[in-house]
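The next block holds one structure in the form of structure tokens; read it before the comments.
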Amino acid sequence: MRRILCYGDSNTHGSAPARSWFDSQRFDETARWTGVLAEALGKGFRIIEEGLPGRTTTLDDPIEGASRNGLTYLKPCIDTHRPLDAIVLMLGTNDLKTRFSLTSEDIARGLVALIELILSAKSGPAGADPRILVIAPAPIEEVGFLGEIFSGGGIKSGQLAEKYKDVAAHFGAEYLNAAQFISVSPVDGIHLDVEHHAVFGRAVADKLLTMFDMGKQH
């Protein structure tokens, strides 16, 4: 049984596109990309969902709280679920919020910190390193009620893919650009609709099977 930790934000949590804070919903577990992933991979894999809305790479959120810091929670999360055969990282979207005033390079450095922590934890089978899959989130759109919160983030989000690719290559991690398969919903410019969850889950499954030298067996 291969154990895969999917560590991300609201799009890993399965938050549906919304028109206001007050109509936020979560897709059913079978509709979320992690659920699609589990179904596609089959019985030989255990998918561990760790998606938290608002999660950043390394930042405490002055509004949503310190619990959104992906770096401080990652070590206890890893220790809870070890041993892990692979960790899928898809973070960085919330770092684009105007309140943080980060550049795309700053966000990429946050990714570096996450990977360094993973490699220091030795959480793979028999104390080895787990395989790491870095996913560059789909670029955002500054629309809807979230547009003001992410003002200026659209351009920076489009710069993340190449920077994440370079970070992954530096550490010998695997890499996937979500924008090759999906785009965010025009409703709120951040979240994925249910059809894109399905497409993305299958794309991640294909990538993981390749990582484990299993080909497209699902």
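The numbers here are math on the coordinates, done by the rules we state, and not lab data. Keep in mind that what you see is a predicted model, and the values were worked out from it rather than measured. When we count neighbours, we look across all protein chains shown, and the Cβ atoms used for this are built from the backbone with ideal geometry, even at glycine.
Placing +1 on the Cβ of every Lys and Arg and -1 on the Cβ of every Asp and Glu, with no other charges, gives the chain a dipole of roughly 580 debye about its Cα centre. Estimated from helices alone, the mean residue ellipticity of the chain at 222 nm is -11500 deg cm²/dmol (sum of -39500 (n - 2.57) over DSSP H runs with n ≥ 4, per residue).
For GluC sites (Glu not before Pro), the sites in the stretch 113-174 that DSSP calls loop and that have at most 12 other Cβ atoms within 10 Å are 148. With springs only between Cα atoms under 10 Å, which of 139, 186, 17 fluctuates most in a Gaussian network model of the chain? Looking only at 139, 186, 17, the largest GNM fluctuation is found for 186. Across the chain, the relative contact order, built from alpha-carbon pairs under 8 Å that are at least six residues apart, equals 24 percent. Among the GluC sites (Glu not before Pro) within the stretch 6-82, those in coil by DSSP and having at most 14 neighbouring Cβ atoms inside 10 Å are 29. Note on the stretch 77-209: Kirkwood hydrodynamic radius from all Cα pairs is 15.6 Å, rounded to one decimal. For the chain, DSSP calls about 10 percent of its internal beta bridges antiparallel.
Along its principal axes, the stretch 68-110 has C-alpha extents of 36, 17, 13 angstrom, given from the largest down. Compared with the alpha-carbon gap, the fully stretched path from residue 195 to residue 159 is longer by 10.5 nm at 0.36 nm per residue. Applying a length cut-off of 15 Å (Cα extent along the axis) and a mean Kyte-Doolittle floor of -1.0 to the DSSP H helices of the chain leaves 70-81, 104-121, 153-171, 194-211. Ignoring lysines fewer than eight residues from residue 163 along the same chain, the ones with Cα atoms less than 22 angstrom from its Cα are 97, 207.
For the stretch 1-116, the alpha carbon positions stretch 43, 37, 22 Å along the principal axes, listed from largest to smallest. Taken about its Cα centre, the stretch 1-127 carries a charge dipole of about 300 debye when Lys and Arg each add +1 at the Cβ and Asp and Glu each add -1 at the Cβ.
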